[in-house]
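Trainee: My questions will all concern the structure given below.
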Amino acid sequence: MDQSMMRVSGILAAIWMSVASAVVAEDMPVVVELYTSQGCSSCPPADDYFHRQLAGRQDVIALALHVDYWDYIGWKDEFASPAYTQRQHTYARAAGHRSVYTPQMIVNGKDHVVGAHPDQVEKLISAHKAVKRNVDLDVKRDGDLIEVKAKSDIEAPMVVHVMRYRAEEKISIKRGENAGRVLTYANIVDGWEKVQSWNGAADLSLNLRVKGDQPVVVIIQRESGGPIEAAARVF
């Protein structure tokens, strides 16, 4: 093979590797959970970054979980759920933390970071994209029917989670620390269910029914606030 052909082959190989890497990145999105509240005065910058930079990305599954522990200040967050507050507390216990706060982002169920620090969030996303996954997850949707299939390289206690989210909502806040502001929220979790435990010993196959036309996310996560092993989103 002459030098010109070798150069062409090298270029083609580089292009192939680039495409393959892009496919892998799309097939293995990183989950970023934002714990926020409409009653939290320090949350709007994190909400804005989440809305503008994370919510629409293909390599990230961005989920906003609104907590209820700031409701007492004077404004009740209509998106808040005690279940999301409990999930944040579960993460805190798993990490050995004594308290929770907003705005907080948790990346792939493992790394905790202040939500108003985009540079740190981006570094964590990049780091998690480079990690080989232990679980292969395939999710398909046909109307209300969700088909979930998974294979695992490990045996460990895991849980299959299914949730829906609203893509965007604009809220005019009348009272509390953010009174007078009109804020836009993105990827607002609107229903979260633990559907099955799984230890990874045998292949997983589930057929689920989810009502409505909202996007649906399936997450496979270690028990008790452990890392997220795999996640997929269907529209």
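Trainee: So which residues in the stretch 72-85 are open to solvent by less than 30 Å² (accessible area, probe 1.4 Å) and among the charged types (D, E, K, R)?
Mentor: Asp77
Trainee: Please go through the stretch 109-136 and pick out each residue that is among the hydrophobic types (A, V, I, L, M, F, W, C), buried (at least 18 other Cβ atoms within 10 Å of the Cβ) and in a loop (DSSP other than H, G, I, E, B).
Mentor: Residue satisfying the conditions is Ala116 alone.
Trainee: A further question follows. Being assigned to a loop (DSSP other than H, G, I, E, B), touching a strand residue (DSSP E or B) at 6+ places or on another chain (Cβ under 9 Å) and over 22 Å from Ala167 (Cβ atoms) is the filter here; which residues of the stretch 53-85 pass it?
Mentor: The answer is none; no residue qualifies.
Trainee: I'd like to verify a number: residues in the stretch 86-103 that are among the aromatic types (Phe, Trp, Tyr) and either open to solvent by 80 Å² or more (accessible area, probe 1.4 Å) or not in a helix (DSSP H, G or I) (or both), how many?
Mentor: Total satisfying the criteria: 1.
Trainee: Let me ask something additional. Quick check, is Lys170 open to solvent by 60 Å² or more (accessible area, probe 1.4 Å) and either among the hydroxyl-bearing types (Ser, Thr, Tyr) or touching a Leu at 6+ places or on another chain (Cβ under 8 Å) (or both)?
Mentor: Judged against the criteria, Lys170 is a match.
Trainee: Out of (1) open to solvent by less than 30 Å² (accessible area, probe 1.4 Å); (2) in contact with a Pro (Cβ under 9 Å, 6 or more places away or on another chain), the odd one out for Ile106 is which?
Mentor: Every listed condition holds for Ile106 apart from (2).
The values are calculated or read from the model by the stated rules, or taken from the named source; none is laboratory data. Bear in mind the structure is a predicted one, so any value in this text is a computation, not a measurement. All Cβ positions, glycine included, derive from the backbone under ideal geometry; neighbour counts span all protein chains shown. Accessible surface is based on the protein model in full, side chains and every heavy atom, while ligands, DNA and RNA are left aside. Shrake-Rupley method; radii C 1.70, N 1.55, O 1.52, S 1.80 Å.
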